[in-house]
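The values are calculated or read from the model by the stated rules, or taken from the named source; none is laboratory data. This structure is a prediction, so every number in the text was calculated from the model and none was measured. Here the Cβ is made from the backbone with ideal geometry for all residues, glycine too, and neighbour counts use every protein chain on show.
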Amino acid sequence: MNTGLKPAELIYPYFIVSGRGKKEGIDSFPGVFRFSVDRLLKDLKGLQGLGLNKILLFAIPDKKDAAGSGAYGEDSVAAAAVRKIKERYPKIMVMTDVCLCAYTSHGHCGILQGTGYRVQGTGRTIDNKKTLEVLAKIALSHAEAGADWVAPSAMAKGQVAAIRKALDENGYKNTKILGYSAKFASNFYAPFRNAANSAPKFGDRRSYQLDFTDGRQALGEIASDIREGADMVMVKPALSYLDVIKEAKAEFSYPLAAYNVSGEYSLVKYGASRGLWNEKNMVFEIISSIKRAGADFIITYHAKDIARWLKEDMEDR
Ligand code: PBG
């Protein structure tokens, strides 16, 4: 199949936990695991062997609290992993997710206000200013550990600017920012939330993630991330939002990533396991559609499968 697809256009997400010797399966997320760093380092050898060179890290802390304090220490699960990965594999491009939902006891992507706060349907609100302070701290701790890119995904207003400022002021001008600019409040995130144990404990994320009935708002979010200094912007999820990807590329011609999210991936895997379709053909059709729409990079849990299939195709020729 001549898709023109290259492994270097793919970004593979990893979930990391503390401890040693761990490679745990995840509910409703076939083929994806939570790794401890030692096992992750082994897995990366295989990843590199497939020609993949970009990863996006999600860490799962041992403890959660209202302040999300497990997110930013220099020995946080994420920072410790980044340090070890860059030491062993300096050429792998390491991107880290910068958010709070996996670290907060309530599972929201920001710091909540004292008592009278407002999250859609709950009467609680996110304190944007405090959230920005913490996101900047997280991003800085990842940059200090050696992350090449930080990827803020909390959908807090001004998050890219706040992170850019903190990085610049601390001598990390070369650390790049991938904004999760157009992130929709999607049903397709369910397996991910099992992986990161990050589902909100009350309410939902509609007060800070985008409404899927409105595509225009997404373009406004992308424009503001570019203004704030993002080096690349993202549309997420990918498949139900190909129109947004296409419009974003046309309107901004800016480096653009699309996140082919956990639910999109699991649908394909489950269908294939039931014999509904050929997994490889299905994945190539899907990834081609995301490329066609205009994505320069695709974040996908299928990255290893794709790289393996591309290799096999080459060998068959
Ligand atoms: C939030 C975040 C989410 C994903 C990555 N970071 C979604 C959410 O829970 O709102 C989802 C990715 C996927 O489904 O693969 N910080």
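Can you say whether residue 94 is more than 16 Å from the ligand (Cβ to nearest atom) and surrounded by 21 or more Cβ atoms within 10 Å (Cβ to Cβ), as far as the supplied structure shows? Full working, then the answer.
Working: more than 16 Å from the ligand (Cβ to nearest atom): yes; surrounded by 21 or more Cβ atoms within 10 Å (Cβ to Cβ): yes.
Spelling it out, residue 94 is indeed more than 16 Å from the ligand (Cβ to nearest atom) and surrounded by 21 or more Cβ atoms within 10 Å (Cβ to Cβ).
Just checking, how many residues over the stretch 174-188 are touching a residue at least 12 places away in the same chain (Cβ under 8 Å) and more than 9 Å from the ligand (Cβ to nearest atom)?
Here is the first cut: in the stretch 174-188, the ones touching a residue at least 12 places away in the same chain (Cβ under 8 Å) are 175-188.
Adding the requirement that they be more than 9 Å from the ligand (Cβ to nearest atom) leaves 175-179, 181-182, 184, 187.
Adding up the residues that qualify gives 9.
If you go through the stretch 209-220 one residue at a time, do you hit one that is closer than 23 Å to residue 136 by Cα and surrounded by fewer than 16 Cβ atoms within 10 Å (Cβ to Cβ)?
Yes, the stretch 209-220 contains a residue that is closer than 23 Å to residue 136 by Cα and surrounded by fewer than 16 Cβ atoms within 10 Å (Cβ to Cβ).
Within the group 182, 145, which residue is buried (at least 22 other Cβ atoms within 10 Å of the Cβ) and either modelled with pLDDT of 95 or more or among the aliphatic types (A, V, I, L, M) (or both)?
Of 182, 145, the one residue that is buried (at least 22 other Cβ atoms within 10 Å of the Cβ) and either modelled with pLDDT of 95 or more or among the aliphatic types (A, V, I, L, M) (or both) is 182.
Just checking: which of the strands (runs of 3 or more DSSP E) contained wholly in the stretch 13-115 hold 1 or more residues that are at pLDDT 95 or above and polar (S, T, N, Q)?
Values: elements: 23-25, 33-36, 54-59, 93-98.
Result: 33-36, 93-98.
Mind checking which residues of the stretch 279-311 are within 20 Å of the chain's Cα centre (by Cα) and basic (Lys, Arg)?
291, 304, listed by residue number.
Yes or no, residue by residue, for (1) in contact with a helix residue (DSSP H, G or I) (Cβ under 6 Å, 6 or more places away or on another chain); (2) at negative phi; (3) assigned to a loop (DSSP other than H, G, I, E, B); (4) not basic (Lys, Arg):
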| position | (1), (2), (3), (4) |
| --- | --- |
| 139 | yes, yes, no, yes |
| 160 | yes, yes, no, yes |
| 168 | no, yes, no, yes |
| 172 | yes, yes, yes, yes |
| 182 | yes, yes, no, yes |
| 193 | no, yes, no, no |
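Select from the stretch 252-267 the residues that are away from the ligand (no atom under 13 Å from the Cβ) and touching a residue at least 24 places away in the same chain (Cβ under 8 Å) and write down the one among them that is nearest to residue 239 (Cα to Cα). Walk me through it before giving the result.
Kept after step one, since they are away from the ligand (no atom under 13 Å from the Cβ), are these residues of the stretch 252-267: 252-256.
Narrowing further to those that are touching a residue at least 24 places away in the same chain (Cβ under 8 Å): 252, 254-256.
Values: 252: 20, 254: 20, 255: 18, 256: 15 Å.
Residue satisfying both the conditions and the ranking: 256.
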